[in-house]
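The values are calculated or read from the model by the stated rules, or taken from the named source; none is laboratory data. Worth saying up front: this structure is predicted, and the values here are computed from it rather than measured. In this analysis, Cβ positions are derived from the backbone assuming ideal geometry, glycine residues included, and neighbour counts consider all displayed protein chains. Ligands, DNA and RNA are stripped out before the accessible areas are found, and what is left, the full protein with its side chains, is counted by its heavy atoms. Shrake-Rupley method; radii C 1.70, N 1.55, O 1.52, S 1.80 Å.
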Amino acid sequence: MDFPTWMSTIQQRTEAALEAAMPSPELAPARLHEAMRYAVLGGGKRVRPLLCHAAGAIFGADSQVLDAPAIAVELIHAYSLVHDDLPCMDDDVLRRGKPTCHVEFDEATALLVGDALQTQAFQVLSNRLVGVAATRQIEMLHLLATASGSRGMAGGQAVDLAAVGQPLTIGELEFMHIRKTGALIRAAVLLGAHCGEVMPDALERLGHFANRIGLLFQVVDDILDAEASTATLGKTAGKDAAQNKPTYVNILGAREAKAMSAKLRQDAHDALEPFGESALRLHELTDFIVERTF
Ligand code: GRG
């Protein structure tokens with residue numbers, strides 16, 4: 001199967017699994033459920049579910065089992081986008097090519113959407129996973145909680161908010177992005193591996209790969225924010241500069257940021273070397289992260 005076909009197959013099964021996990025809009029409280037569905041369904045590249053499936057495939061994990069961690073991570077991601085767009089945070093009106101959740105509904109609803117999606121992620125991941133030992137599943141829940149919390153994504157967001165208008169060093173910028181963007185990407189990869197027969201040394205190597213692509217994802221995001229249009233991105237372009245936010249592009253310059261992206265891409269491919277052919281999809285996803293246009 002070629003990469004575009006594989007990608008579209010996983011995106012479709014992710015969409016179906018998300019649809020099945022989402023509460024019906026007819027169920028009370030209808031407005032909250034409608035807003036949750038609005039924030040989650042029918043949009044996004046589904047990069048984290050793709051990474052989860054690709055990592056799981058290396059260790060022979062079953063696709064049906066992988067759907068649970070894949071959508072759990074996507075639900076955390078969707079919650080983070082809804083909260084990030086709120087006026088008290090990034091204050092944005094456009095996400096995934098449509099009005100942000102608080103614009104389409106209202107702020108209080110958007111806040112609750114994020115809360116409910118976050119807990120739903122853990123509800124999904126705590127369902128029985130066929131073929132995964134209970135102790136392993138507890139490790140997975142712990143991993144996702146740590147990646148999402150104050151030592152992971154939420155912590156990175158706190159550093160991000162505090163950094164507006166502040167001159168950051170490249171080291172401080174990296175500290176922030178390893179948490180804000182990288183932690184969830186790492187969780188997606190490791191959760192996928194946990195669903196298969198993975199050994200500790202392979203997990204460590206995969207963790208190294210995931211750290212590289214987490215940063216890579218962010219460097220590319222900064223380049224796109226500076227160079228792509230709002231129409232292409234489906235979210236407001238040029239926001240980082242407008243909000244005086246530290247980014248790889250404004251600290252290093254576009255040329256250096258692109259050189260950094262090329263280096264991280266190579267490091268990521270190198271980290272996959274020991275997995276041989278079985279890591280084909282992760283290699284392809286690494287290239288996709290760099291070559292994406294939105
Ligand atoms: C509110 C706790 C909390 C955290 C928010 C993820 C995040 C932290 C903020 C989003 C801001 C941002 C632009 C981060 C850069 C990287 C990123 C996560 C981009 C969006 O992810 P994509 O490109 O989006 O995977 P889609 O829409 O394709 O799912």
Check your understanding: Applying the selection to the stretch 147-194, what residues are more than 18 Å from ASP90 (Cβ to Cβ), more than 13 Å from the ligand (Cβ to nearest atom) and not in a helix (DSSP H, G or I)?
Key -> PRO167, THR169
Check your understanding: Out of all the residues in the stretch 78-94, which are surrounded by 24 or more Cβ atoms within 10 Å (Cβ to Cβ) and not hydrophobic (A, V, I, L, M, F, W, C)?
Key -> TYR79, ASP85
Check your understanding: Could we say that ALA20 is more than 16 Å from the ligand (Cβ to nearest atom) and modelled with pLDDT of 95 or more here?
Key -> yes
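Restricting attention to the stretch 258-294, which residues are surrounded by fewer than 20 Cβ atoms within 10 Å (Cβ to Cβ) and either within 23 Å of ASP160 (Cβ to Cβ) or within 13 Å of the ligand (Cβ to nearest atom) (or both)? Please lay out each step first, then the result.
The first filter runs over the stretch 258-294 and keeps only residues surrounded by fewer than 20 Cβ atoms within 10 Å (Cβ to Cβ), leaving 258-260, 262-263, 266-267, 269-270, 273-278, 280, 283-284, 287-288, 290-294.
Once the filter is applied, which keeps residues that are surrounded by fewer than 20 Cβ atoms within 10 Å (Cβ to Cβ) and either within 23 Å of ASP160 (Cβ to Cβ) or within 13 Å of the ligand (Cβ to nearest atom) (or both), the stretch 258-294 yields LYS258, MET260, PHE288, VAL290, ARG292, THR293, PHE294.
Results for (1) closer than 23 Å to LEU264 by Cα; (2) within 13 Å of the ligand (Cβ to nearest atom); (3) open to solvent by less than 30 Å² (accessible area, probe 1.4 Å), shown as yes or no for each residue.
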| residue | (1), (2), (3) |
| --- | --- |
| HIS208 | yes, no, no |
| ILE213 | yes, yes, yes |
| LEU224 | yes, yes, yes |
| ALA228 | yes, yes, yes |
| THR232 | no, yes, no |
| THR236 | no, yes, no |
| LYS239 | no, yes, yes |
| LEU252 | yes, no, no |
Check your understanding: Does the stretch 242-250 contain at least one residue that is within 16 Å of the ligand (Cβ to nearest atom), modelled with pLDDT of 90 or more and open to solvent by 20 Å² or more (accessible area, probe 1.4 Å)?
Key -> yes
Check your understanding: Between residues in the stretch 72-101 that are more than 9 Å from the ligand (Cβ to nearest atom) and residues that are assigned to a strand (DSSP E or B), which pairs lie under 9 Å by C-beta distance while being six or more apart or on different chains?
Key -> VAL93/PRO99; THR100/LEU94; CYS101/ARG95
Study note, to complete from the structure: Those residues of the stretch 36-71 which are more than 16 Å from the ligand (Cβ to nearest atom), of a type in the set (A, V, I, L, M) and open to solvent by less than 10 Å² (accessible area, probe 1.4 Å) amount to ALA55, LEU66
Check your understanding: So GLY165 clears everything in (1) in contact with a Phe, Trp or Tyr (Cβ under 9 Å, 6 or more places away or on another chain); (2) at positive phi except one condition, right? Which one?
Key -> (1)
Practice item. For residues that are open to solvent by 50 Å² or more (accessible area, probe 1.4 Å), closer than 25 Å to TYR248 by Cβ and at pLDDT below 95, tally how many sit in the stretch 118-162. Key: 2
Practice item. Take the residues in the stretch 95-113 that are open to solvent by 10 Å² or more (accessible area, probe 1.4 Å) and part of a loop (DSSP other than H, G, I, E, B), then tell me which one is farthest from VAL40 (Cα to Cα). Key: ASP106
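To keep it simple, each residue is scored yes or no on (1) modelled with pLDDT under 95; (2) farther than 20 Å from VAL82 by Cα; (3) out of contact with any Lys or Arg (no Cβ under 7 Å at 6 or more places or on another chain); (4) among the hydroxyl-bearing types (Ser, Thr, Tyr).
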site: PHE3; (1), (2), (3), (4): no, yes, yes, no
site: THR14; (1), (2), (3), (4): no, no, no, yes
site: PRO25; (1), (2), (3), (4): yes, no, no, no
site: HIS33; (1), (2), (3), (4): no, no, yes, no
site: ALA39; (1), (2), (3), (4): no, no, yes, no
site: GLY42; (1), (2), (3), (4): yes, no, yes, no
site: ARG46; (1), (2), (3), (4): no, no, yes, no
site: ALA55; (1), (2), (3), (4): no, yes, yes, no
